[in-house]
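Q: One structure follows; several queries about it will come next.
Every number in this text was worked out from the coordinates using simple rules, so none of it is lab data. All values derive from a computational prediction rather than experimental measurement. Reconstructed Cβ throughout: ideal geometry from the backbone, glycine too, with neighbour counts over all protein chains shown.
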Amino acid sequence: MPRKLAVLFLVLVVSLSLAAAGCGKKEETKEETGKQTTVEQTQDKKTTGTSHGKAVLMNGRSVMQGWMQHWGYKWEGPVEENGYSLDYKELDAEDMAGSFRDNVSGLPAGSVVFFKFCFADFNGENLNELENTVDEVIATAGEKGLKLIIGNALPMNEEGGSKGLVSEYKKYNAFLEKKATENPGVWIYDFYTVLAGPDGLLKPEYDTGDSHPNDDAYTALDESFFPLLGRVFNQ
């Protein structure tokens, strides 16, 4: 009988030792995960660069990426241009309003943020969808006390464009102008006047070949964009 008790005691000790080791590994993993989260949050705050100074968070997709690269953006931290600190956040094509909300979460009131659709988001028949997304974006900016700049329609080239698209561009641009008059914290940046030719489509001299603007186009956009930033920061 004593021998059986001794064996049971030994089994119990071994079991407790293994359990303690297991808890230790889980706790260590949890601690490491927590450290990684803290580092990621710190890096995110650092690269966003919208907590002080003349900082702007640019939300968009491929065309915005091209504009950021035109300014020398290296995909790490904000880029300085014309006295402004510009950082980039990508929008989810499947949930533009939701990804915008995520991108601007944590920004202090008064921060300046930019939102734009890509040319691929226009199809000539989805104006209501675009307008609803803009309403959500404006609501998010209003709730957080952000200064919001919305870029108007980006025209496609002749190959990808159509009369239906041109009609939608004009209606969308008019919708944005109306929203800006109704919401004091909203400004409209006019891509369309700079990039579109008389036919309402992307000027050939600004086309990389697939409707993405080239560097000459971005240089032309700079001429009106930075003066707009000056007005936004001064109000």
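Q: So what are the stretch 49-234's ellipsoid semi-axes, whole angstrom, largest first, if each one is the square root of 5 times an eigenvalue of the alpha-carbon gyration tensor?
A: With the √(5λ) rule applied to the stretch 49-234, the semi-axes are 24, 20, 15 Å.
Q: For residue 94, put the label point 7 Å out on the Cα→Cβ axis and report which residues of the stretch 58-87 keep their amide N under 20 Å from it.
A: 60-62
Q: Shifting gears a bit: At 7 Å along Cα-to-Cβ for each site, give me the label-to-label distance between residue 224 and residue 175 in nm.
A: About 2.0 nm separates the two model spin labels.
Q: Next question. What is the Å³ per residue value for the convex hull set by the Cα atoms of the stretch 148-211?
A: So the per-residue hull volume is 73 Å³.
Q: Once you list every other residue whose beta carbon is under 11 Å from the beta carbon of residue 228, what net charge do they have if Lys and Arg are +1 and Asp and Glu are -1?
A: Local charge sum for residue 228: -2.
Q: So, one more: Collect residues whose amide H, placed 1.01 Å from N in the peptide plane, falls under 5 Å from the amide H of residue 81; neighbours closer than 5 in sequence don't count.
A: Those qualifying (amide H under 5 Å, at least 5 residues apart or on another chain) are 86.
Q: Quick check on the exposure proxy: order 61, 231 from fewest to most C-beta atoms within 10 angstrom.
A: 231, 61
Q: Using 0.36 nm times the number of residues separating residue 183 and residue 132, minus their current alpha carbon distance, what extension gain do you get?
A: 16.8 nm
Q: Can I ask one more? With the cut-off at 22 Å, tell me which of the pairs 89/171; 89/178; 74/147; 116/170 have Cα atoms farther apart than that.
A: 89/171; 89/178; 74/147
Q: I'd like the GluC sites (Glu not before Pro) in the stretch 96-157 restricted to DSSP loop residues with at most 13 other Cβ atoms within 10 Å, sorted by number.
A: For GluC sites (Glu not before Pro) across the stretch 96-157 that sit outside H, G, I, E and B with at most 13 neighbouring Cβ atoms in 10 Å, the list reads 125.
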